[in-house]
Structures are given as C-alpha cells and as structure tokens.
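What follows is calculated from the coordinates using simple rules that are stated; it is not laboratory data. Quantities reported herein were computed from a predicted structural model and do not represent experimental measurements. Every residue, glycine as well, gets a Cβ built from its backbone with ideal geometry; the counts of neighbours run over all protein chains shown.
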Amino acid sequence: MRQAAFDSRGSHIRWTETPGSEPARVYLHGLGSMSTAYHAHIAARPDLTGRRSLFVDLPGHGTSDRPQGFGYTLEEHADAVAAALDAAGAAGAEMIGHSMGGAVAVVLAHRRPDLVSRLVLTEANLDAFPPATAGSSAIASYEEDEFVESGYARVLDAVGPLWAATMRLTDPRALHRSAVGLRRGSDPVMRTLLEESPVDRVFLQGAHTGELEGRDRLESAGVRVVTVPGAGHNVMFDNPDAFAAAIARTG
C-alpha cells in the first residue's frame, strides 16, 4: 500500500498497485465503495495483466483518510487523486472509473490533462441532480447531521449486502458530502467536460439500466458508447468479459 498527502492537514489518500508496463491503469470506485473490491478481479484477467495497475480509494472511503474538514466535492476528490498520481509518477494514465469514480476521472482529466491519456467510464455520473432513485440522491436527501446520526444506518440496511460491505467502511460524513457534491456536479458539468475532452473515451452502459441519455451527442463528440448485455450498474460484476474487453480495446 502507498499513500500521498492530499490536504494541508496531512491527510492521506491510499492505493495498492501491481507492477507492469506503462501507461498505468488507474481504477476509481463509486460512491461508498473501494477500488480493489470492484476492480482487482478485472485487472488480474489474462488480457489485462502486464500493465501497472493502481487501485485508488477516494478520500473518506476504504483505506484512505477521512478528514472532517474536507469538502469531498468532485473537484476535491479529483485533486486528491492527482496527488496520488503525482506521488506515484503515473502521468498519462488510463483512468477506469465506475459511477462517481467516473465523474471524478472526467474532472481530473479536465483539471490535470497531463495525468490522463484515456477514460474508460462505467455508468459514470454525467449530469447534476440525478433522479431520486439514484443512491446519491437518497443519501443527499438527508441533512448532514441527520444522516450521520440515523440516516447512515438506514441506508446501510437498504442498499443490500454487497454495497453495504464497502459502504460501512466509508466515513458517514464523507459519504454524505460526497453524495451532495456528486448531485451538485462540476462546473462545467461532467457531460460537457467529457464531450470536450481530447483523449480516447469509452462509456459502458449496462443494458439493464436502459438507454443512455444523450447518447447521440456523446457519440458525435467522439465518445464510444458500449451497451453491455446482461449487465446493470455494476458491469464489472455482471459481465466481466465485456468490461475487460473494453479496457483492453478489444470489445
């Protein structure tokens, strides 16, 4: 495990990595998750081995620190990831981002284009104020103190055992602020940043989720949109073959 300071208080973002050739692949998890649980089994597949792989836990999540004075906006998460990549010497990386991690990757590519050569996004948040059915919306519907005191336990009971297994490792205040920041979105919003990004871009959408809003516009901007059969939001679990193929550029 490695770490890098990401704020003025010396809080650390942490990651594990496997050695290999460059450019590195950097895996970013979604809200209330952690990178190894969602991506290590993918990076270990025969068509993806041999490349340096970093599994980064966003601030407040997994093994990373959870400072109470941190804002946990998309921009602040992106800057923390930048600190990790700077410390790791991983410029020009391929970013594989799931859900909120995809939104963070898009913002990172905008703020630090030297660090990102490719974006592989899995059901990433592209717009502000997602529907009420989204997990971030349910969490952000609470006031922060209310969520910490009682909402966190309710959400853990509601999300099911797999998500709860990693969400219970997330600091409740960090989880709430991350959800609020995700609902607020970036400025310009993530969809605009993705459309304007000059790097190679792939967007994976689970077929069970339904049609991706604004797909035609994304494709017109050069984003390759792949609808993954037999998959919902967690494409890496539901159809790992298609997920790995998209990363390896064979699908």
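In whole Å, how far is the Cα centre of the range 67-83 from that of the range 161-192?
Cα centres, the range 67-83 to the range 161-192: 11 Å.
How large is ³J(HN,Hα), in whole Hz, for each residue of the range 65-82 in order, when computed from phi with the Karplus curve 6.51 cos²θ - 1.76 cosθ + 1.60 and θ = phi - 60°, using x for Gly and Pro?
Listing the rounded values in order: 5, 9, x, 6, x, 8, x, 6, 6, 4, 5, 5, 4, 4, 5, 5, 4, 4 Hz.
Mind giving me the FRET efficiency for GLU219 and THR16? R0 is 45 Å, r the Cβ-Cβ distance, nearest 0.05 is fine. If you can, show how the numbers build up before the last one.
Working: r = 35 Å, r/R0 = 0.77.
With R0 = 45 Å, the Cβ-Cβ based efficiency is 0.80.
Could you give the length gained by full extension between VAL199 and SER150, i.e. 0.36 nm per residue of separation minus their alpha carbon distance, to one decimal place? Don't skip to the answer; put the middle values down first.
On the way: separation 49, 0.36 × 49 = 17.64 nm, distance 4.26 nm.
Once the chain is fully extended between VAL199 and SER150, it gains 13.4 nm.
Restricting to the range 106-251, compute how many DSSP beta bridges are antiparallel as a %, nearest 5. Display every interim value, and only then the final one.
Details: 0 of 10 bridges.
If we restrict to bridges inside the range 106-251, about 0 percent are antiparallel.
Amide H of ALA24 versus every other amide H placed in the peptide plane: which residues, excluding those fewer than 5 positions away on the same chain, fall under 5 Å?
Amide H to amide H, under 5 Å and 5 or more residues apart or across chains, ALA24 pairs with GLU94.
With θ set to phi - 60° and the Karplus curve 6.51 cos²θ - 1.76 cosθ + 1.60, what are the ³J(HN,Hα) couplings of the range 93-108 in order, to the nearest whole Hz, using x for Gly and Pro?
Computed from phi, the couplings for the range 93-108 are 7, 8, 9, 10, x, 9, 6, 4, x, x, 4, 4, 5, 5, 5, 4 Hz.
What residues qualify as long-range amide H neighbours of ALA231, i.e. H under 5 Å apart, gap of 5 or more or another chain, H built at 1.01 Å from N?
Answer set, sorted by chain and number: ALA207, HIS208.
Using the Karplus curve 6.51 cos²θ - 1.76 cosθ + 1.60 with θ = phi - 60°, what ³J(HN,Hα) values do you get for each residue of the range 139-154, in whole Hz, with x for Gly and Pro?
Each residue's phi maps through the Karplus curve to give 5, 6, 5, 7, 5, 4, 5, 4, 5, 4, 6, 9, x, 4, 5, 5 Hz.
Please report the antiparallel percentage of the DSSP beta bridges confined to the chain, to the nearest 5. Don't jump to the answer; show the numbers that get you there.
Numbers: 9 of 34 bridges.
Antiparallel: roughly 25 percent of the beta bridges in the chain.
Give, in nm to one decimal, the length gained when the segment between ARG112 and ALA5 is fully stretched (0.36 nm per residue of separation minus the Cα-Cα distance). Display every interim value, and only then the final one.
Numbers: separation 107, 0.36 × 107 = 38.52 nm, distance 1.72 nm.
Between ARG112 and ALA5, full extension yields 36.8 nm more.
With a/c under 1.5 counting as rounded, go ahead and sort the range 98-174 into rounded, prolate or oblate using the C-alpha gyration tensor (a ≥ b ≥ c being the square roots of the eigenvalues; past the cut-off, prolate if a/b is larger than b/c, else oblate).
Values: a/c = 2.17, a/b = 2.04, b/c = 1.06.
Because a/c hits 1.5 or more and a/b exceeds b/c, the range 98-174 counts as prolate.
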